Structure formats: structure tokens, C-alpha cells
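Any read-out appearing in this document is the output of simple, stated calculations on the displayed coordinates, not a laboratory observation. Owing to the predicted nature of the structure, the values given are computational and were not obtained by experimental measurement. Every residue, glycine as well, gets a Cβ built from its backbone with ideal geometry; the counts of neighbours run over all protein chains shown.
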Amino acid sequence: MSEMASTMELNCEGLNCPLPILKTKKAIDSLNSGEILKMTATDPGSVNDMASWAKRTGHELVAHTEASNVHTFFIRKK
Amino acid sequence: MSDTKKLAIIASQGTLDWGYPPFILASTAAAMDMEAVIFFTFYGLPLLKKELDAKVSPHSNPAMPMKMPFGSKEFQSVNWPIPNVISGNVPGFDNMATMLMKETFKKKGVATIEQLRSMCLEFGVRFIACQMTMDVFGFEKEEFIDGVEYGGAATFLEYAADADISLFI
């Protein structure tokens, strides 16, 4: 598991599309540029969705790891 | 000129199943920094009511799987074959199907339509209600949630003319 430092943690485990994206957007809005959000999700669709969301919005998906069906994303606010 | 992408949706259906896509796509578009407008017309208008009573009707959805939201994983994966003679004639069948769908969605961590609708408004999605179909079906502005705009085909098309994505749902 990545030990990257994060400014904020968001738990989206158990939530399904599009809630992880919507909650990530809200969380990112509350951060300052350069700060890191750690988001965890169990929705397998969130892997591609997070990549697309980051590509569109310009926030950087720094890392993605998976362990026992929990996906962990680190996103740096642009 | 900004390079903000624009999404334009016409929501023309108000059942529980057809009510989801407009709100899912518009809220997600807004979360992806796009502009989004939903134009509610005909049977999509009830989606703007303060008290949502959207239901699902298996009788009019021949391909709709009927799932049970309880029991073992194998039991939950069964598609129950419901003959039309039952789904169309048994009183309360739509209410039962609606309850089962809501329960299944909840268990799968899917947002309610109300949740998605309020997130749309929070993210700045514009809702436009079709004035003509409101008059035809007898809807009053007081029945609808706050923050709704009112207009007709030209109002929608003025926005949609510059939209990057236009969907009729």
C-alpha cells in the first residue's frame, strides 16, 4: 500500500456509480491547489471512471492501488 | 470563449427506472466541470415534483429483470419470469416492483433520485420545465422544487445549439 500523505480522506466504499465521482468532486472543491485527496471505493467501475474524471477535470490521479477489492486513489488538486 | 463542454438533456419519461439517467448524467457532467441543462417535458415533468412518486412498471418493460433484494447471492441473481397476465392484472404489482427496485438499488449503494436531483442543483445544473406540457397536464409551479426555470422549445434549443452532447431520454 502506498504511504502517500494526504490532506483529506474520503470513504466511498459500498457506494455505486455515480456517487464516488460526485463525492470526490465535492471533496476536491474543498481543498487547495496541490493538496492530496485519498479516496477509497469498492465499485469496480470507479477505476475507469476516476481516470476519465481526472482526465476531464485536470486533477492529477497520482496513484491507484487495489487490495481485497478496495480501490485506493490519490488525487492531487490542480 | 470558454472551452467548457456543454451537456443538453431532454427528460421525457418519469418512471423510476427512466428517471435515473438524466440526473446521473447531469450530476456527473457537472462534477466533470461541464455545464448541464435538463429540459423536462411530457412524462418527465413529475421528476420535478417536491414529493417524488416515481414508480416502475414491469408490465410495460418486457426485458426488465425482476430481482429479489434479499436472500443468498444466488437467490438475488435469479431473474423472476413474471407473465404479463400477472404484472398487468394483479393489483399493487407495480408498487411491489417499485419497492423491490428501490431496495435493490439501496443495497447496491446506488443514490436515490432525490439525492441525485439535489446534487445536480448543488453543482449548478439548470432544470427547465416545459411550460406547454405543464399547461396540458395541469402542473402548477408550486408543485415543483425551487430553482426550476420555465420555458419552451426555443429556450432549450438556444442552449442546445451550442451543446457538445445532446441526449433525448
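Key figures for this structure:
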{"item": "Cβ-Cβ FRET estimate between B:ASP164 and B:GLU143, R0 fixed at 35 Å, reported to 0.05", "result": "0.60"}
{"item": "Overall dimensions of chain B by Cα: Rg and Dmax, Å", "result": "17.6, 57"}
{"item": "Efficiency of FRET from Cβ geometry, B:VAL136 and A:GLU13, R₀ 35 Å, rounded to 0.05", "result": "0.15"}
{"item": "Helical contribution to [θ] at 222 nm, DSSP H n ≥ 4, -39,500 (n - 2.57), averaged over chain A, rounded to 500", "result": "-9000 deg cm²/dmol"}
{"item": "B:ASN84 paired with A:ALA5, simple spin-label distance in nm, labels 7 Å along Cα-to-beta-carbon", "result": "6.6 nm"}
{"item": "Label-to-label distance, nm, for residues given as B:TYR150 and B:LYS49 (7 Å Cα→Cβ offset)", "result": "1.9 nm"}
{"item": "Binned Cα-Cα distance frequencies in chain A - 10 Å width, integer %", "result": "20, 61, 19, 0"}
{"item": "Test item: B:29-40 mean partner chain Cβ contacts at 10 Å", "result": "3"}
{"item": "DSSP beta bridges in segment A:8-76 [antiparallel fraction, %, rounded to 5]", "result": "70 percent"}
{"item": "Modelled FRET efficiency - R0 35 Å, B:MET99 with B:PHE42, Cβ distances, 0.05 increments", "result": "0.85"}
{"item": "DSSP bridge orientation in the protein assembly as shown - percent antiparallel, rounded to nearest 5", "result": "40 percent"}
{"item": "Mean Cβ count within 10 Å, highest first, over the residues of peptides B:140-153, B:71-84", "result": "B:140-153, B:71-84"}
